[in-house]
Amino acid sequence: MFLLKKSVTKGELHPNNPHKGKYDFKVLTENLPELKPFIIKNPRGEDTIDFSDNQGVICLNKALIKTFYNVDNWDIPKGFLCPPIPGRADYIHYIKDLIGNKKKVTVLDIGTGANCIYPIIGSQSYGWNYIGSDIDPKSIENAQKIIDANDNLKNKIKLRLQKDKNHIFVGIIGKNDKFDLTMCNPPFHASLEDALKANKRKVDNLNKGNKDIKKGLNFGGQKAELWCPGGERLFLKKMAKESAIFASQVNYFTSLISNKDNIKPTIKVLEKLGAKCKILEMSQGQKISRVLAWTFK
């Protein structure tokens, strides 16, 4: 069965997303004064930051995470992926719609990254409990530092290292584990070159029309975060096939899909395995992104 959610209007975040509208830089800088040096004016005379400045983007994220999720000492190692908070939050709020108002929810975050962003947002927005997995020991180490520095995260998030690069769920989901949801933001490029080109287009679009922006690339992301052999399509195929092994232990499997051309091939694999699928469409600015959710129940 293939269920399609009604399309969203471009530019509209989920109604429950606290990041709707423009950033309130007055509040953000009050909560994190170190953001002030990065504030500039856009062509309309409004406060913004240079989104091609990696340090500025990281500082903005620190302010957002502190202001909205009560998390201090958030940081990432040099060269690691700095996530866009509003879009990451949207994923959380849309999958919340899948499960309704269930009181106790346990989520598996595949590829939690050094930033630990999905467990932070999900645990602080809805009280969900998280297992975060990653194939990179340095990512696990940094995510654990963030957790250890915040009492409100310590009892909500646990981390597991994936020791086998050929597996996604195997080696992470134990025989006695039960999850209401799994989530994943797959590596969507097939090479570093593809990732660099895509990042340049993104930064150019973000800073379009602002002559005060200095030219540069806000590029962060390790291999496992941004690209893998075969890119997003092969990763999704592997995830789909492996999910069937744990059909009785997970209510909903979910994953972001960056390239819409990868939706139909992934659904085809899942339907052959007996899964029921649903697409959730999300919007931020001019970008439409999609979450594919599936269940064997």
Item to check | Residue under evaluation residue 97, criteria (1) in a helix (DSSP H, G or I); (2) in contact with an Asp or Glu (Cβ under 7 Å, 6 or more places away or on another chain), criterion not met | outcome: (2)
Next on the checklist: Condition first: hydroxyl-bearing (Ser, Thr, Tyr) and open to solvent by less than 40 Å² (accessible area, probe 1.4 Å). Now tell me which residues in segment 89-145 satisfy that.
Outcome noted: 91, 94, 106, 112, 118, 123, 130, 133, 139
Checklist entry - Taking segment 100-132, which residues are β-branched (Val, Ile, Thr), under 11 Å from the mean Cα position of the chain (by Cα) and assigned to a loop (DSSP other than H, G, I, E, B)? => result 112
Checklist entry - Taking interchain pairs and intrachain pairs at least six residues apart, which have beta carbon atoms under 9 angstrom, with the first residue in segment 30-53 and farther than 22 Å from residue 72 by Cα and the second surrounded by 19 or more Cβ atoms within 10 Å (Cβ to Cβ) and of a type in the set (D, E, K, R)? => result 40/50
Next on the checklist: For segment 22-45, check the following and say yes or no: at least one residue is closer than 24 Å to residue 121 by Cβ, part of a strand (DSSP E or B) and touching a Gly at 6+ places or on another chain (Cβ under 7 Å).
Outcome noted: no
Checklist entry - Is it the case that segment 152-160 has a residue that's open to solvent by 10 Å² or more (accessible area, probe 1.4 Å) and hydrophobic (A, V, I, L, M, F, W, C)? => result yes
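The values are calculated or read from the model by the stated rules, or taken from the named source; none is laboratory data. Keep in mind it's a predicted model, so treat the numbers as computed, not measured. Note: ideal-geometry Cβ built from the backbone for every residue, glycine included; neighbour counts use all protein chains shown. All accessible areas refer to the heavy atoms of the entire protein, side chains included, with ligands and DNA or RNA removed. Shrake-Rupley method; radii C 1.70, N 1.55, O 1.52, S 1.80 Å.
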